[in-house]
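Data block below; observations after.
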Amino acid sequence: MSGDKQALYAAPLDGEWITPRQAAGRGGARVRLMKIDGGVALGDAAAPERPALRYTDSELRAFLQGAKQGEFDHLLTG
């Protein structure tokens, strides 16, 4: 694990979790995010005991740009 990722996983999860507004109308929010030093934590609101995944700002930025451009649309059913 790189030093950046080690630092992310060492960062405390003491901020405020946010959930996507769209999730509320689809049976409740499952995904939640929290800004942490150096990146973002991604957690499962339905199973908060599970460890949160953590991504650097550049990793999340790359994912969001790809999602906006439809790179992952083929993974969705229906």
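The values are calculated or read from the model by the stated rules, or taken from the named source; none is laboratory data. Model, not experiment: these values are computed from the prediction. In this analysis, Cβ positions are derived from the backbone assuming ideal geometry, glycine residues included, and neighbour counts consider all displayed protein chains. Calculation scope for accessible area: heavy atoms of the full protein, side chains included, ligands and nucleic acids excluded. Shrake-Rupley method; radii C 1.70, N 1.55, O 1.52, S 1.80 Å.
When the residues of the stretch 53-70 are narrowed to those that are among the polar types (S, T, N, Q) and either open to solvent by less than 80 Å² (accessible area, probe 1.4 Å) or touching a strand residue (DSSP E or B) at 6+ places or on another chain (Cβ under 8 Å) (or both), which ends up nearest to residue 41 (Cα to Cα)?
Start the filter on the stretch 53-70 by keeping residues that are among the polar types (S, T, N, Q), which leaves 56, 58, 65, 69.
Applying the additional criterion that residues be either open to solvent by less than 80 Å² (accessible area, probe 1.4 Å) or touching a strand residue (DSSP E or B) at 6+ places or on another chain (Cβ under 8 Å) (or both) yields 56, 58.
Values: 56: 9, 58: 13 Å.
My answer is 56.
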Note: among 35, 68, just one is over 28 Å from residue 14 (Cα atoms) and of a type in the set (D, E, K, R), namely 68
